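Working notes, beginning with the structure itself.
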Ligand SMILES: Nc1ncnc2c1ncn2[C@@H]1O[C@H](COP(=O)(O)OP(=O)(O)OP(=O)(O)O)[C@@H](O)[C@H]1O
Ligand SMILES: [Mg+2]
């Protein structure tokens, strides 16, 4: 939770989506505000204040889940719906309870990563554009010899190249290169074929670290593909965004 809303503001925000249910909206608004206030406390005091849980009761379809979902949005909190009967207390039959936490954490990572991606979007796009231009018109191999300045000819070639590059950039922006095809190298998606067979439920229920461990066992495979310019730009943008996002930081914040 980054911002602080007053209970009144929270109710107003919920009013935009939830009809009626005034009592429930007020109760969850106060609970959310209390949670925020608890988070502001110094650590030793924080431990003294236990956050309250909420049980909402009522007939089906009156908006219980909807209120919870909207509230989570407001709080920038991850939201999952689990069927409690799958988690029996006695001997933990069925899915183990920790997997709720794992699911929540995974969702939180996704959310924080999405926010981070939004922040680096423009930089990723402009890096991608440079990469694409490198592909379309490879830079001349002007060697930088130590102590030797470039010859006039080389300087000229360089200036010429810069002008051409900017011309291509304009064409790119105007969509004039959209029909061109370029060859790019992309990471192969299904690099772990055998694993799906081992675990019938896929990797979803496996420990995150184990999944990473498997990923590292199988080296990344790259393959060359021919794609149209706009698609190449999208692929590069995606890759550059991944590169710009500090996943350690994302995971820390998510947790
Ligand atoms: N008070 C309400 N205001 C706006 N939409 C509502 C309201 N009550 C229900 N809805 C809509 O009806 C649908 C069902 O609501 P919801 O899933 O929240 O019901 P529920 O109370 O959780 O029911 P159940 O007990 O079956 O889980 C949702 O799509 C929700 O948007
Ligand atoms: Mg429900």
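Every read-out reported here was derived from the displayed coordinates using simple, explicitly stated rules and does not represent laboratory data. Quantities reported herein were computed from a predicted structural model and do not represent experimental measurements. With ideal geometry, Cβ positions are generated from the backbone for all residues, glycine too; neighbour counts draw on all protein chains shown.
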Residue 47 versus residue 249: modelled label distance in nm, points set 7 Å from Cα along the beta carbon direction: 3.1
As computed over the range 7-77, the Cα convex hull volume per residue (Å³): 87
Neighbour-count ranking [beta-carbon atoms within 10 angstrom, fewest first] of 99, 126: 126, 99
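What FRET efficiency would be calculated for the residue pair residue 151, residue 171, taking the C-beta separation as r and a Förster radius of 30 Å, to the nearest 0.05? Present the calculation step by step, with values, prior to reporting the outcome.
Values: r = 30 Å, r/R0 = 1.00.
Efficiency at R0 = 30 Å is approximately 0.50.
Sort 37-46, 100-109 by the packing proxy (mean of other Cβ within 10 Å over each peptide's residues), most packed first.
Numbers: 37-46: 10.3, 100-109: 15.8.
Packing order, densest peptide first, comes out as 100-109, 37-46.
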